[in-house]
Each structure stands twice: as structure tokens, then as C-alpha cells.
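Every read-out reported here was derived from the displayed coordinates using simple, explicitly stated rules and does not represent laboratory data. On a predicted model such as this, the values are computed, not experimentally measured, just so you know. Neighbour counts are summed over all protein chains in view; Cβ atoms, including those assigned to glycine, are modelled from backbone coordinates with ideal geometry.
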Amino acid sequence: MLEAPQLQTTKKIWLYLPEDYATSNKKFPVIYMHDGQNLFDTKTAYAGEWRIDETLDSLKADVIVIGIEHGNEKRIDELTPYVHEQHGGGNANAYLDFIVTTLKPYVDSHYRTKTGKYNTAIGGSSLGGLVSYYAVLHYPKVFGKALIFSPAFWINPEVYTLSENTKKLKSKLYFMCGGNESETMVADMERMIDLVNTTRCSCLHLTRTKVVPEGKHNEKLWAKEFAKAYLWLF
């Protein structure tokens, strides 16, 4: 548990260390991921887990993953940058401030991490995809990579305007969603990708997009696609 004064609570944090962490002196890049309950353990997951540890072990991946507990009834509040008329929310700035000014310094001081932006990724799905993209816009000097799965842009369309007004976005972005999610999921994601692509040359190869035609809005899809996203981002 880690104190989160920005949110006036404490957060349970999950930690994945690569296989050779204990037997080497290497430093490792870090991925900060939302909805920590769903990443590693079926027992804590809402509807199945992402199998992050099994996937990274199979890849012999040299990366540290930090899973951040979602706030249960405060999840929408923490993972949305703006207030939605029906669903509320709008406290993502405080949540991201916790990650950037409390959690990341703690991780960097207790573990052998590569601390630069291009070795620091953020990722999640649904609201976690939304807030991960927002984090790259809000903290471009901290997060150089983002894993953006099934992003819930519909709940905060203000992010489109924010994107239009963001210049020189240099972060590496992996967008993925299923074709069998909501009626607007693919269109909403592609609209955001088009905005991103207007701010930078496609020759930089900083954006990857994938639509899984049969994919549904669930952990099964996100678990299946995680390895591909990780391998491209790193």
C-alpha cells in the first residue's frame, strides 16, 4: 500500500519484476498500468485477468510493470479528465499527479529503473485507455509511450479538442480495439488517430493501430493483444 495524498486515500500497488532482475545489475524500463486488480490474478480481477506476468515471462521481457489499484466506486472519477454530465468523474489530474509525483519517484528510488520518458510507458483499457492517452498529452516529458486499448473517448470528447491543440506529440502510441465493442468504438478511436497523424509525419512510425474484427470489450481481448503491443512499444 502506498499513500496517495492527491486522492486522499491509499493505493495497493502490484509489481512485476523480470526474471533476471535478482541476478543482474541491469536497469529496466517501466510500464505503469491502470486497473491493477485485473492484470495479474483472476482472484482479484473483475472479469478475468490480462495474464501480464505469464505473457512477459514467456517473452523473457526486460521490463518492470507497476499495476495501480483502481478506486472501485471512484474509478470513473480517477480515470476521467473531465466531468461527464451523466456519469460524473473529472479527477484524472489528481490521479496522474499521484503517479508522476508520488508513485514514480518511489519506484525509481526503490528499484533499478530507466527513468527517461522513452523508457516510461503508461497503459490501460477502456477508461484506462482514455487516461493513458490523456497522460501523454498532459505529461509529455514523463511518458514517452502509451498502450491505449479500447479507449473510452466517448465519455470525455473534450480530449479531441485537447489533441487538436497539442503540437509536436513525440510519444510512441499503440492503439487497439475490437470491432465487436460499442457501435462507435472503432470510429472514435480512428478519429483520434487521425488527429494524432495531423500533428506528425507518418514516416516517424510512432503510431500503431490495430482493430480486431471479432474483439469484444473484455479482458480476453486485452490479454490476447498485450504481447503484440509490448513488443512494438519496446
All positions within the range 115-142 that are of a type in the set (Val, Ile, Thr) and either touching a helix residue (DSSP H, G or I) at 6+ places or on another chain (Cβ under 6 Å) or part of a strand (DSSP E or B) (or both): THR115, THR120, ILE122, VAL131, VAL142
Hey, among GLY124, GLY116, GLY88, which residue is touching a residue at least 12 places away in the same chain (Cβ under 8 Å), in contact with a strand residue (DSSP E or B) (Cβ under 9 Å, 6 or more places away or on another chain) and not charged (D, E, K, R)? GLY124
Select from the range 6-29 the residues that are surrounded by 12 or more Cβ atoms within 10 Å (Cβ to Cβ) and within 17 Å of ASN72 (Cα to Cα) and list them in ascending order. GLN6, LEU7, THR9, THR10, LYS11, LYS12, ILE13, TRP14
For the subset of the range 64-88 comprising residues that are buried (at least 21 other Cβ atoms within 10 Å of the Cβ) and β-branched (Val, Ile, Thr), which member is farthest from ALA152 (Cα to Cα)? ILE64
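Let's see how each residue does on (1) more than 20 Å from ILE76 (Cβ to Cβ); (2) touching a Ser or Thr at 6+ places or on another chain (Cβ under 9 Å):
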position	(1), (2)
VAL136	yes, yes
LEU162	no, no
LYS170	yes, no
ASN180	yes, no
ASN197	yes, yes
LEU204	yes, no
THR209	yes, no
GLU214	yes, no
Test ILE64 against the criterion of being more than 25 Å from LYS216 (Cα to Cα), touching a Pro at 6+ places or on another chain (Cβ under 8 Å) and not basic (Lys, Arg), and give yes or no. yes
Checking the structure you have, find out if any residue of the range 32-41 is surrounded by fewer than 20 Cβ atoms within 10 Å (Cβ to Cβ) and over 28 Å from GLY116 (Cα atoms). yes
Residue under question is SER202, and the condition is that it be of a type outside the set (Phe, Trp, Tyr) and surrounded by 14 or more Cβ atoms within 10 Å (Cβ to Cβ); does it hold? no
Over 13 Å from the mean Cα position of the chain (by Cα) and not acidic (Asp, Glu): does that describe MET176? no
